[in-house]
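Participant: A single structure is presented below for examination.
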Amino acid sequence: MMKFTEEMLAAPLPEDIQKLKWYGDFEAALRVIDKRLKTDIPAPLKERLRAEQEILKLMPEQYPYNWDQALKIMDENIADFTREEFQELWEENAMEWIYIQGHVHFKDNFLENLVKTREWLAKRLIRPELEAGKTSNAECLNQTISYMKEHGGISCRFRLRSTLQVEKEAEQQGQPVKVYLPVPVEYAQVTSFRLLGVGVTREDGSELTVPVRRVPAGAFCEESLEIGTNREAAFRINTEQESRREAGRRTEKEKSGSDPFQAWLAPETADQRTVCIVGDYQKGCRFWIEYEYCVEMPYVDAYGGSSDGVSAKGWIPREEKDFPAHYLGEQLPHIHFTPYLKAITAEIVGEETEPLKKARRIYDYITTHLMYSYVRSYFTITELVDYAAAGWKGDCGIQALLFINMCRIAGVPARWQSGLYARPQDVGCHDWAMFYAEPYGWLFADCSFGGSAQRMGCEERRQFYFGNLDPYRMPACCQFQADFQPPFGGLRHDPYDNQRGEVEYPERCLRGDEFDTQHQITEWEILE
């Protein structure tokens, strides 16, 4: 199986293949790549072409609607919608699209994107439920921000359950399988974490508790985890139902002679922290984990702040890996200091010399100029920051990367953080950024939430997300494009981030549409 490396995308793609790709003749492009790989070409170019093979397979399925089909969808959902309005939106680059065989095709969620970002369209919705939750989420955030300002911050406890199920078409009965599910990295805002249970629910509804071992810090750096490997003494799961579950596990073990599944919990500060469940796949089974964590989020008046008279501070790192000096350089292929990016950063920052104010100018520009946009899977966008800086649109992760890139160019340490936006009402994937400014320490910046507040006319909320976060975050990743512990054997469906988890068979890794992951908050409370 192919293993992802950054060099795959940093190399240029031959122009003839680019022409076929952007015309949308994906089959011809794949044939040309197959022929090129049989010739004597440099190894880095071979790596790039192999990566492109995977990209070309993923792209067309994400753009199912041709022009007439997309126009019909708009007509069915937006009152009095006209062909002229559709043409205008397309020319404004308001809808994500590509060519397929020379014809325009639109992304699967283009309607949701337009309604999310264009209030004049949202007001004309025939079915208002398409916008359900937008107002309630804003109200929840405004109330939370008021609470944090009044109390100097907020502390919360969450209990979350994640369940992953393989789609029937991708099931491989009896085949060894590795399933990875995200859990919190214990740093920054996360003050505690407890893994409460790991299990497999069979097709008949019976439950199997999976024993968990801890991966020692620094282990498994160069090798994949072999099924059945006994690396370390079992880590006993702390849960009220432990006795009952353990008894059931012993019974299962007596029948089979060994544990049918085992799990490994990555170290506390793993760059992308997971629970890895290993065993032989059983038809219709669901893999689940349940855990508890606390978030401590102080309120910092960073937007209007300066280096004088600071009372509340952000996160002060204790481990060497979190020191700001490590977060000033490039990280190819996506964090890079091109002449264009240097020029626009210089234009935005101007003559400002104070790091906090430099970061604020960058945040202000992104939240007031860049339009939120759903995008195709990240692996198919070979230069994520350039995508945003040229088209001035992008989703939460692309906005975070642009902020990080420009901060580093301006001499402000900045880094990645992502995972889940986990409110009691709903849980979804989300990415944001951190930056370092003395004497505050590490602070947060959520450009997409700030941009949303800007579109809704809420300046207080926009300013809040420079320096602060709401507590509804489960940070599973503290580094972009980091490997798992234990490592993933092939090309992940998302080689940069981890929010939905991953599934690996011996012969191949599953695409994102071949499994379904559900996250649910089962308990939560504000801690006094």
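Participant: Does ASP301 count as at pLDDT 95 or above, over 30 Å from ASP204 (Cα atoms) and either touching an Asp or Glu at 6+ places or on another chain (Cβ under 6 Å) or open to solvent by 10 Å² or more (accessible area, probe 1.4 Å) (or both)? Step through it out loud before you land on a result.
Facilitator: On the way: at pLDDT 95 or above: no; over 30 Å from ASP204 (Cα atoms): yes; either touching an Asp or Glu at 6+ places or on another chain (Cβ under 6 Å) or open to solvent by 10 Å² or more (accessible area, probe 1.4 Å) (or both): yes.
No: the conditions fail for ASP301.
Participant: Inspect all residues belonging to region 277-295 and state whether any of them is assigned to a strand (DSSP E or B), surrounded by 18 or more Cβ atoms within 10 Å (Cβ to Cβ) and at pLDDT below 95.
Facilitator: no
Participant: Restricting to region 23-46, and then to whatever is closer than 21 Å to HIS103 by Cα and among the acidic types (Asp, Glu), can you tell me which residue is surrounded by the most Cβ atoms within 10 Å (Cβ to Cβ)?
Facilitator: ASP25
Participant: Restricting to region 311-364, what's the tally of residues that are part of a loop (DSSP other than H, G, I, E, B) and out of contact with any Leu (no Cβ under 8 Å at 6 or more places or on another chain)?
Facilitator: Step one: list which residues in region 311-364 are part of a loop (DSSP other than H, G, I, E, B), which gives 311-314, 316-319, 323, 328-330, 332-334, 336-338, 350-354.
Okay, now just the ones that are also out of contact with any Leu (no Cβ under 8 Å at 6 or more places or on another chain), so 311-313, 316-319, 323, 328-330, 332, 336-338, 350-354.
Number of matching residues: 20.
Participant: Another question about this same structure. Pull out all pairs, ordered by first then second residue, where Cβ-Cβ is under 8 Å, the residues are six or more apart or on different chains, the first lies in region 504-528 and is more than 13 Å from GLN172 (Cα to Cα) and in contact (Cβ under 8 Å) with a residue 60 or more places away in the chain, and the second is aromatic (Phe, Trp, Tyr) and crowded, with 18+ Cβ neighbours inside 10 Å.
Facilitator: ILE521/PHE158; GLU523/PHE158; TRP524/PHE158
Participant: Out of the residues in region 80-102 meeting the condition of being acidic (Asp, Glu) and either crowded, with 17+ Cβ neighbours inside 10 Å or free of Cβ contacts under 8 Å to residues at least 12 places away in the same chain (or both), tell me which one is nearest to THR380 (Cα to Cα).
Facilitator: Of region 80-102, the ones acidic (Asp, Glu) are 80, 84-85, 88, 91-92, 96.
Okay, now just the ones that are also either crowded, with 17+ Cβ neighbours inside 10 Å or free of Cβ contacts under 8 Å to residues at least 12 places away in the same chain (or both), so 84-85, 88, 91-92, 96.
On the way: GLU84: 31, GLU85: 29, GLU88: 26, GLU91: 23, GLU92: 22, GLU96: 13 Å.
Looking at the filtered set, the residue picked out is GLU96.
Participant: Does region 334-351 contain any residue that is at pLDDT 95 or above, in contact with a strand residue (DSSP E or B) (Cβ under 6 Å, 6 or more places away or on another chain), buried (at least 16 other Cβ atoms within 10 Å of the Cβ) and farther than 30 Å from GLY174 by Cβ?
Facilitator: no
Participant: Return the residues of region 419-458 that are open to solvent by 10 Å² or more (accessible area, probe 1.4 Å) and hydrophobic (A, V, I, L, M, F, W, C); say none if nothing qualifies.
Facilitator: Hits for region 419-458 are VAL427, CYS429, PHE444, PHE449, MET456, CYS458.
Participant: What residue, among those in region 3-37 that are out of contact with any Lys or Arg (no Cβ under 6 Å at 6 or more places or on another chain), in a loop (DSSP other than H, G, I, E, B) and hydrophobic (A, V, I, L, M, F, W, C), is modelled with the lowest pLDDT?
Facilitator: The qualifying residue modelled with the lowest pLDDT is PHE4.
Participant: Hey, which of the strands (runs of 3 or more DSSP E) in region 102-184, taking only ones fully inside, have at least 1 residues that are farther than 28 Å from TYR291 by Cα and in contact with a strand residue (DSSP E or B) (Cβ under 7 Å, 6 or more places away or on another chain)? Let's see the steps before the verdict.
Facilitator: Numbers: elements: 103-106, 153-166, 176-182.
Because the criterion is at least 1 residues that are farther than 28 Å from TYR291 by Cα and in contact with a strand residue (DSSP E or B) (Cβ under 7 Å, 6 or more places away or on another chain), the strands (runs of 3 or more DSSP E) in region 102-184 that meet it are 103-106.
Participant: Return yes when GLU354 is open to solvent by 30 Å² or more (accessible area, probe 1.4 Å) and more than 15 Å from ARG408 (Cα to Cα) and no when it is not.
Facilitator: For GLU354, the condition - open to solvent by 30 Å² or more (accessible area, probe 1.4 Å) and more than 15 Å from ARG408 (Cα to Cα) - is not met.
Participant: Any idea which residue in region 365-416 is surrounded by the fewest Cβ atoms within 10 Å (Cβ to Cβ), counting only those that are assigned to a strand (DSSP E or B) and aliphatic (A, V, I, L, M)?
Facilitator: Among those that are assigned to a strand (DSSP E or B) and aliphatic (A, V, I, L, M), it is MET371.
Participant: Taking region 188-203 as the search range and keeping residues that are over 17 Å from GLY279 (Cα atoms) and at pLDDT 95 or above, which one is most open to solvent (accessible area, probe 1.4 Å)?
Facilitator: Ranking the candidates gives ARG194 first.
Participant: In addition: Quick one: is LEU125 in contact with a Leu (Cβ under 9 Å, 6 or more places away or on another chain), over 16 Å from TYR372 (Cα atoms), surrounded by fewer than 19 Cβ atoms within 10 Å (Cβ to Cβ) and hydrophobic (A, V, I, L, M, F, W, C)?
Facilitator: no
Participant: Between PRO424, PRO439, which is within 23 Å of the chain's Cα centre (by Cα), touching a residue at least 60 places away in the same chain (Cβ under 8 Å) and assigned to a loop (DSSP other than H, G, I, E, B)? Steps first, answer last, please.
Facilitator: Details: PRO439 fails: within 23 Å of the chain's Cα centre (by Cα).
On inspection, the qualifying residue turns out to be PRO424.
Participant: Pairs under 8 Å by beta carbon, first residue modelled with pLDDT of 95 or more and charged (D, E, K, R) in region 445-457, partner in a loop (DSSP other than H, G, I, E, B) and open to solvent by less than 10 Å² (accessible area, probe 1.4 Å), six or more apart or different chains?
Facilitator: Once the first residue is modelled with pLDDT of 95 or more and charged (D, E, K, R) and sits in region 445-457, its partners that are in a loop (DSSP other than H, G, I, E, B) and open to solvent by less than 10 Å² (accessible area, probe 1.4 Å) give ASP446/TYR465; ASP446/LEU469.
Participant: Then there is this: Looking only at region 47-78, count every residue that is assigned to a helix (DSSP H, G or I) and either open to solvent by less than 30 Å² (accessible area, probe 1.4 Å) or in contact with a helix residue (DSSP H, G or I) (Cβ under 6 Å, 6 or more places away or on another chain) (or both) and tell me the total.
Facilitator: Count: 16.
Participant: Among the residues of region 103-122, how many are open to solvent by less than 20 Å² (accessible area, probe 1.4 Å) and closer than 21 Å to TYR421 by Cβ?
Facilitator: Of the residues in region 103-122, 4 are open to solvent by less than 20 Å² (accessible area, probe 1.4 Å) and closer than 21 Å to TYR421 by Cβ.
Participant: Taking only region 1-22 into account, find how many residues are among the small types (Gly, Ala, Ser) and closer than 26 Å to ILE100 by Cβ.
Facilitator: Summing the residues that are among the small types (Gly, Ala, Ser) and closer than 26 Å to ILE100 by Cβ in region 1-22 gives 1.
Participant: Related question: Can you pull out the residues in region 356-384 that are within 21 Å of ASN498 (Cβ to Cβ) and under 15 Å from the mean Cα position of the chain (by Cα)?
Facilitator: TYR374, VAL375, ARG376, SER377, TYR378, PHE379, THR380, ILE381, LEU384
Participant: From (1) farther than 30 Å from GLU92 by Cβ; (2) open to solvent by 20 Å² or more (accessible area, probe 1.4 Å), pick out the condition that doesn't hold for ASP322.
Facilitator: Of the numbered conditions (1) farther than 30 Å from GLU92 by Cβ; (2) open to solvent by 20 Å² or more (accessible area, probe 1.4 Å), the odd one out for ASP322 is (2).
Participant: Among (1) closer than 29 Å to GLU131 by Cα; (2) open to solvent by less than 10 Å² (accessible area, probe 1.4 Å); (3) over 15 Å from the mean Cα position of the chain (by Cα), which single condition is GLY501 missing?
Facilitator: With respect to (1) closer than 29 Å to GLU131 by Cα; (2) open to solvent by less than 10 Å² (accessible area, probe 1.4 Å); (3) over 15 Å from the mean Cα position of the chain (by Cα), GLY501 is out only on (3).
The values are calculated or read from the model by the stated rules, or taken from the named source; none is laboratory data. Predicted, not measured: the structure shown is a model, and the values here were computed from it. Glycine gets a Cβ as well: all are built from the backbone with ideal geometry, and neighbour counts include every protein chain shown. The area values use the complete protein model at the heavy-atom level, side chains included, leaving out ligands, DNA and RNA. Shrake-Rupley method; radii C 1.70, N 1.55, O 1.52, S 1.80 Å.
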